[in-house]
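Below is one structure, written out as structure tokens; comments come after it.
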Amino acid sequence: ETGVTQSPTHLIKTRGQQVTLRCSSQSGHNTVSWYQQALGQGPQFIFQYYREEENGRGNFPPRFSGLQFPNYSSELNVNALELDDSALYLCASSFLSGGAEAFFGQGTRLTVV
Amino acid sequence: AQSVTQLDSQVPVFEEAPVELRCNYSSSVSVYLFWYVQYPNQGLQLLLKYLSGSTLVKGINGFEAEFNKSQTSFHLRKPSVHISDTAEYFCAVFSPNQAGTALIFGKGTTLSVSS
């Protein structure tokens, strides 16, 4: 058991809506990274938070935003949803920015219709 | 920039046969290397990692991988597979000396083990 939990596990949204995904990191970890995994693809890095600050970002538009809270849990927000945003969203926690080992949650399956 | 190429998208094998899943990477800086496994409708589980030292790395479930710097490869092997090894396998690289970076994944290899 990794200790990283994500909610919800599944959800369906309509194009143009906004969505918030949540992640509770493993105890003792202060870094959270979010990944998008489209069907049949490897995970792609969205962004990373370290001590409540965005610490790195992949090639995703600004409508993908996030937060990290003092207890190191995190949120991923996506505005103006598009059909191509349908994917599995994975949260990973690690100790220190750039930690050598990331522990992944089970993911949230987002479907945009 | 780093990149990862998993050379086989699908690998079908029979139970108890050996298997090798191939991974090549590209990077101008030193990297850490990882293999993750993903079972259907689940997140990623770490199989093994190479940070430094011995180039032969042993992981969970009987898997091992060998880091070859000259060939920029990190192939995953198992001498005898089980039905339960059927899953998606991802190779990933990480640059430890670049702040704010994260894992870069390959597209994955589907391992299908049949009896």
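Before moving on, here are some points about what is shown:
- Pairs of Lys residues in the protein assembly as shown that lie 8 or more places apart, or on two chains, and have C-alpha atoms under 24 angstrom apart add up to 10.
- Fluctuation leader among A:Gly58, A:Gly66, A:Gly40 - chain A, Gaussian network, Cα springs under 10 angstrom: A:Gly40
- Largest mean-square fluctuation among A:Ala92, A:Ala80, A:Ala102, in a Gaussian network model of chain A whose springs join Cα atoms under 10 Å apart, belongs to A:Ala80.
- For segment A:18-94, the list of trypsin sites (Lys or Arg not before Pro) that fall in a loop by DSSP and count at most 16 other C-beta atoms within 10 angstrom reads A:Arg51, A:Arg63.
- Of all DSSP beta bridges confined to chain B, the antiparallel ones make up roughly 85%.
- Reciprocal of mean inverse Cα separation for chain A (Kirkwood radius, Å): 13.8 Å
- Over the C-alpha atoms of chain B, the Rg to Rh ratio, Rh being the Kirkwood estimate, stands at 0.96.
- Distant-in-sequence amide contacts of A:Thr5, defined by a placed amide H-H separation under 5 Å and a gap of 5 or more residues or a different chain, comprise A:Ser24.
- Highest-MSF residue in chain B out of B:Gly59, B:Gly43, B:Gly100 [GNM, Cα springs under 10 Å]: B:Gly100
Only the coordinates and a few stated rules stand behind these numbers; no lab work does. Quantities reported herein were computed from a predicted structural model and do not represent experimental measurements. We place every Cβ from the backbone using ideal geometry, glycine too, and count neighbours over all the protein chains shown.
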